[in-house]
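A short worksheet on the structure shown next.
The values are calculated or read from the model by the stated rules, or taken from the named source; none is laboratory data. In this text, all values refer to a predicted model and were calculated from it rather than measured experimentally. All Cβ positions, glycine included, derive from the backbone under ideal geometry; neighbour counts span all protein chains shown.
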């Protein structure tokens, strides 16, 4: 079952004519609230409240929240791409190495050869995208399992960048490049972009509602749509207020917003996105329905390569250079964020927005425990337990759905 077109709401049936029950009566399609989406938001709020209490209010200061969002950005950006790959029933273990290669090449071109930032960014993103195409061909057309292809890629791309840099660190990036990971936009532009974000959100919600009505599908009550719109508006406005109280909205946070909105549109409003969910849900049925599985899977890995490049550039800019451990374990953090956000590892189900919230939850735990001066190994323990619980909840949910469908 793929996520619905509206944020936080899914539809059980995509047919205009309600199905018949065993008694011959029509069953009315029901709209149900996506409990996972709201559960993730509640969990994030609870984490913030707990750490605010444990740190005597230091956690919710504007400075710490700005640092928190910058800290979560790289993982969240990587998660926007990994969601599409997992939804299609595959996996990518090379995210961190591809990010390191993109960031390392950017550092080499700018520090060692003096190339301008715009050219460095284009070359790094093109390289990462080509890597995604290469791995996608192996998976989609040569039939090699994605686990093996990307595991090999994780070793190959890491080895190549260590070879190119001779294992040395590179520092001295230009200010305009560092702004990608460290910069802030002015308060005025923050409000302008907040207004554009509100227009985009309302436009997408209205489009989803009108589109469902046009196709004869059930829609949620008007009051619920209005309530969601008001909550999202309050979230955007409060975020800008808090960020402007420090130095403004961080540039990485703005990049993340663009990535989330773009990939949410791709996943929910394009044939490509619908095909990904169909392939992950039932590949054979998708093939029989005429979906070009190989081309769609290739597209997913191509986008994943591009996203890995973006994450690598942001991370390199944030650290002001390249280090041999750049992007280390990024793929695991991205996968964990996606799974904690409700993406099913068996494919066919997931949400870009929920994966972003999952990344925020993980970063909040890291940040809060750091403020408490907790030993770093406890962060790994907590995140590992969170991942295990998230997978368990997914398995339990699937068993319940199977049981309910067998009872129908």
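Numbers below:
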{"read-out": "Which numbered condition residue 164 misses (of (1) buried (at least 19 other Cβ atoms within 10 Å of the Cβ); (2) out of contact with any strand residue (DSSP E or B) (no Cβ under 6 Å at 6 or more places or on another chain); (3) at pLDDT below 95; (4) under 19 Å from residue 309 (Cβ atoms))", "value": "(1)"}
{"read-out": "Members of the stretch 196-221 found to be in a helix (DSSP H, G or I), out of contact with any helix residue (DSSP H, G or I) (no Cβ under 9 Å at 6 or more places or on another chain) and loosely packed, with under 14 Cβ neighbours inside 10 Å, listed by number", "value": "196, 199, 203, 210, 213, 214"}
{"read-out": "Residues of the stretch 107-136 that turn out to be touching a strand residue (DSSP E or B) at 6+ places or on another chain (Cβ under 8 Å) and closer than 12 Å to residue 313 by Cα, as a count", "value": "1"}
{"read-out": "Test for residue 127: is it in a helix (DSSP H, G or I), within 22 Å of the chain's Cα centre (by Cα) and farther than 30 Å from residue 357 by Cβ", "value": "yes"}
{"read-out": "Sole exception among (1) in a helix (DSSP H, G or I); (2) under 23 Å from the mean Cα position of the chain (by Cα); (3) buried (at least 24 other Cβ atoms within 10 Å of the Cβ) for residue 92, by number", "value": "(1)"}
{"read-out": "Qualifying residues in the stretch 30-55 (those that are modelled with pLDDT under 65 and buried (at least 17 other Cβ atoms within 10 Å of the Cβ)) - the one farthest from residue 231 (Cα to Cα)", "value": "31"}
{"read-out": "Residue under evaluation residue 138, criteria (1) in contact (Cβ under 8 Å) with a residue 24 or more places away in the chain; (2) over 22 Å from the mean Cα position of the chain (by Cα); (3) surrounded by 15 or more Cβ atoms within 10 Å (Cβ to Cβ); (4) assigned to a helix (DSSP H, G or I), criterion not met", "value": "(1)"}
{"read-out": "Residue list for the stretch 325-380, filter: in contact (Cβ under 8 Å) with a residue 60 or more places away in the chain, within 14 Å of residue 74 (Cβ to Cβ) and assigned to a loop (DSSP other than H, G, I, E, B)", "value": "326, 327, 328, 329"}
{"read-out": "Test for residue 58: is it at pLDDT 50 or above, in a helix (DSSP H, G or I) and over 23 Å from the mean Cα position of the chain (by Cα)", "value": "no"}
{"read-out": "Filtered residues of the stretch 169-209 (kept if without any contact (Cβ under 8 Å) to a residue 60 or more places away in the chain and closer than 30 Å to residue 324 by Cα)", "value": "175, 176"}
{"read-out": "Residue list for the stretch 227-272, restricted to those being farther than 30 Å from residue 66 by Cα and in contact (Cβ under 8 Å) with a residue 60 or more places away in the chain", "value": "269"}
{"read-out": "Given (1) part of a helix (DSSP H, G or I); (2) modelled with pLDDT under 90; (3) closer than 30 Å to residue 67 by Cα, number of the condition residue 224 does not satisfy", "value": "(3)"}
{"read-out": "Number of the exception - residue 347 against (1) more than 30 Å from residue 177 (Cβ to Cβ); (2) surrounded by fewer than 21 Cβ atoms within 10 Å (Cβ to Cβ); (3) modelled with pLDDT of 85 or more", "value": "(2)"}
{"read-out": "Residue under evaluation residue 383, criteria (1) part of a helix (DSSP H, G or I); (2) modelled with pLDDT under 90; (3) under 19 Å from the mean Cα position of the chain (by Cα); (4) within 24 Å of residue 275 (Cβ to Cβ), criterion not met", "value": "(4)"}
{"read-out": "Looking only at the stretch 69-115, and only at residues there that are touching a helix residue (DSSP H, G or I) at 6+ places or on another chain (Cβ under 8 Å) and without any contact (Cβ under 8 Å) to a residue 40 or more places away in the chain, the one that is nearest to residue 362 (Cα to Cα)", "value": "109"}
{"read-out": "Condition check for residue 63: surrounded by 20 or more Cβ atoms within 10 Å (Cβ to Cβ) and modelled with pLDDT under 90", "value": "no"}
{"read-out": "Enumeration of residues in the stretch 283-297 that are surrounded by fewer than 20 Cβ atoms within 10 Å (Cβ to Cβ), touching a helix residue (DSSP H, G or I) at 6+ places or on another chain (Cβ under 9 Å) and either touching a residue at least 60 places away in the same chain (Cβ under 8 Å) or not in a loop (DSSP other than H, G, I, E, B) (or both)", "value": "283, 285, 287, 293, 294, 295"}
{"read-out": "Out of 103, 159, sole residue that is within 30 Å of residue 343 (Cβ to Cβ), over 21 Å from the mean Cα position of the chain (by Cα) and in a helix (DSSP H, G or I)", "value": "159"}
{"read-out": "Residue count for the stretch 244-280, restricted to those that are farther than 17 Å from residue 77 by Cβ, at pLDDT 90 or above and in a helix (DSSP H, G or I)", "value": "10"}
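Conditions (1) farther than 30 Å from residue 64 by Cα; (2) exposed (fewer than 15 other Cβ atoms within 10 Å of the Cβ); (3) at pLDDT below 85; (4) touching a strand residue (DSSP E or B) at 6+ places or on another chain (Cβ under 9 Å), marked per residue:
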| site | (1), (2), (3), (4) |
| --- | --- |
| 305 | yes, no, no, no |
| 313 | no, no, no, no |
| 343 | no, no, no, no |
| 392 | yes, yes, yes, no |
| 402 | yes, yes, yes, no |
| 405 | yes, yes, yes, no |
